[in-house]
Every structure is written in C-alpha cells, then in structure tokens.
Amino acid sequence: MHQKNPWTIKDSKAIYQNAWIDVTEYDVLNPAGKPGIYGKVHFKNIAVGVVPITPDMQTYLVGQYRFTIDAYSWEIPEGGCPESTDPLQTAIRELKEETGLVAAKYKELMRLHLSNSVSDELAIIYLATELKQEDAAPEETEALQIKKVSLSDAFGLVADGTITDAMSVAALTKIELLQVQGLLI
C-alpha cells in the first residue's frame, strides 16, 4: 500500500559530494507541519552482494578490515555498482575478484534499502551456483581472507553476532528461512 508523502520540502542545498556519495540538506515541514531540516546521503553506486552456494551447501565468506567501523568484518562477497551498470555484471565481477569463483547460474535473492532513515542506498543480492574455482584478483584497497563454511555455520555467525554487515545478515537470514521452508535451490 502506497502512502502520500507527509513531508513538505521547502528548499534543498548540496552539502558535500565525492566520487561515491552526495549529501543534501533539506529545509522541510515535518508530518506535523513544523519546520525542520533533514539530511540525505545519496549513494552513486548500488550495493551488490553474492552468496555463492556449493552443491553440498557450503558458502564462501570474505574477511576484511573495514575502515568506517574500525573493525574486522566477515561478509558475503560485495561491491559497488555504478547506477548505469547492470547489477548482475557487478555481482559476477565481484565474486570473481574477491573469491576467484565463477558461477554458471545466478538468481536474484533480494533487494533492500540500507539505513533508509538517512540514505537512499539500494542493495541487490544474488545467489550464485554451479561454481568453478579460478584465481582471485582483489582491488588494491582490499586485503581479503576467504573462508569456506557450511551455510549453517554462516548462519551461526549471524546468530552469534560475529557477522554484522547488514547485507550479509539479511542474505544469510533469508537463505536460512528458505532452507527451513524447503525452498532453497
């Protein structure tokens, strides 16, 4: 069900931009009719993730230090897709770059908005199957570790709070639900 936008935008101004984001501040009337400001971060890339799954229900996680949270993070293979690029092609590229895996089949698993109270960032996550191992080629900004684990162990890492990346949590939780319902692959 669609609702009418209860916010009134009186004015907007660009605050900051770089190659990845634009930050805009809006002069608004809130849903109660009172004046205020609202900031929005627009992402110039779509976030793309891939959950590779082997026939024996194993998957691959990528470990890396994340500058923004000042912590090490285990995640599904992920990357940014310029808005003018096909997200599936980005998924194919990221899986190969980060893990060396090439999949014969891809299926969209889900779409979600990340931190939608302050940003418009869209994420698209794919399942990848019929995998073949080749050489990985991470970007220079990525010092990656790759770990092959069972899907149940990956979900356990979500359940115990080890995996906190939003895309990874959402994707692995959905896969767990699909498995429980007998609908996965």
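The values are calculated or read from the model by the stated rules, or taken from the named source; none is laboratory data. The structure displayed is predicted, hence computed values, not measured ones. Heads up, the Cβs are rebuilt from the backbone with ideal geometry, glycines too, and the neighbour counts pull from every protein chain shown.
Some observations on this one:
- Looking across segment 82-98, the residues that are at pLDDT 95 or above and of a type in the set (S, T, N, Q) come down to Q89, T90.
- Total residues in segment 2-40, condition touching a strand residue (DSSP E or B) at 6+ places or on another chain (Cβ under 9 Å) and within 29 Å of T99 (Cβ to Cβ): 2
- Pairing each residue of segment 32-60 that is farther than 30 Å from T85 by Cβ with any residue that is assigned to a strand (DSSP E or B) and among the hydrophobic types (A, V, I, L, M, F, W, C), provided the two are 6+ apart or on different chains, yields C-beta distances under 7 Å for P35/L29; G36/V28; I37/V28.
- Total residues in segment 58-94, condition under 20 Å from T164 (Cα atoms) and either in a strand (DSSP E or B) or among the aliphatic types (A, V, I, L, M) (or both): 19
- Residue in segment 144-162 that is modelled with the lowest pLDDT, counting only those that are out of contact with any Ser or Thr (no Cβ under 6 Å at 6 or more places or on another chain) and within 13 Å of P77 (Cα to Cα): L144
- Unique residue being crowded, with 17+ Cβ neighbours inside 10 Å and either of a type in the set (D, E) or assigned to a strand (DSSP E or B) (or both) when the list is A154, A123: A123
- Here E108 meets each of (1) loosely packed, with under 13 Cβ neighbours inside 10 Å; (2) at pLDDT below 95; (3) of a type outside the set (S, T, N, Q) with one exception, condition (2).
- Lone qualifier among A14, A32, A19 - being of a type in the set (A, V, I, L, M, F, W, C), touching a Lys or Arg at 6+ places or on another chain (Cβ under 8 Å) and loosely packed, with under 11 Cβ neighbours inside 10 Å: A19
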